[in-house]
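Colleague: Structure in C-alpha cells, see below.
Readers should treat all values here as calculations from the given coordinates under stated rules, not as data from a laboratory. Here the structure is a predicted model, which is why all the values come from computation and not from measurement. Don't worry about glycine lacking a Cβ; one is built from the backbone with ideal geometry, like all the others, and counts go over all protein chains shown.
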Amino acid sequence: MSEGYERGRAYVRENKDDLVHILRHGSNVDVRAYAYAVLKRYGSKRDFEEVRRELDRVEEVEL
C-alpha cells in the first residue's frame, strides 16, 4: 500500500468518532460528503458497516 493510503487509514482509526459525529450532526452537506468519502475510502469494511448501522439507528429514531 502507498504511504498516502496508510496515512488515510491511520486518520480514520484516530478520528472515526469525529467523522461519525460529522455525518450525524453536520449541517454542511459538503463536509458530510467528505467525511463519508474518507470513511468509505480509508476505513475498513467493518468500520464502514458500523457507521452505516449507527446512521440507520439515528434515522429510525428521527422518523
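Colleague: So between GLU59 and TYR5, what do we pick up on full extension, going 0.36 nm a residue minus the alpha carbon distance?
Modeller: 16.3 nm
Colleague: With label points built 7 Å along Cα→Cβ from the Cα atoms of HIS25 and GLU50, find their separation and express it in nm.
Modeller: 1.9
Colleague: Rounded, prolate or oblate: which fits the chain, taking a ≥ b ≥ c as square roots of the Cα gyration tensor eigenvalues, rounded meaning a/c under 1.5, else prolate when a/b beats b/c?
Modeller: Prolate, because a/c is 1.5 or more and a/b exceeds b/c.
Colleague: Then there's this: Of ALA33, LEU55, ILE22, which is farthest along the charge dipole of the chain in the positive direction, counting Lys and Arg as +1 and Asp and Glu as -1 at C-beta?
Modeller: The residue sitting farthest along the positive end of the dipole is ALA33.
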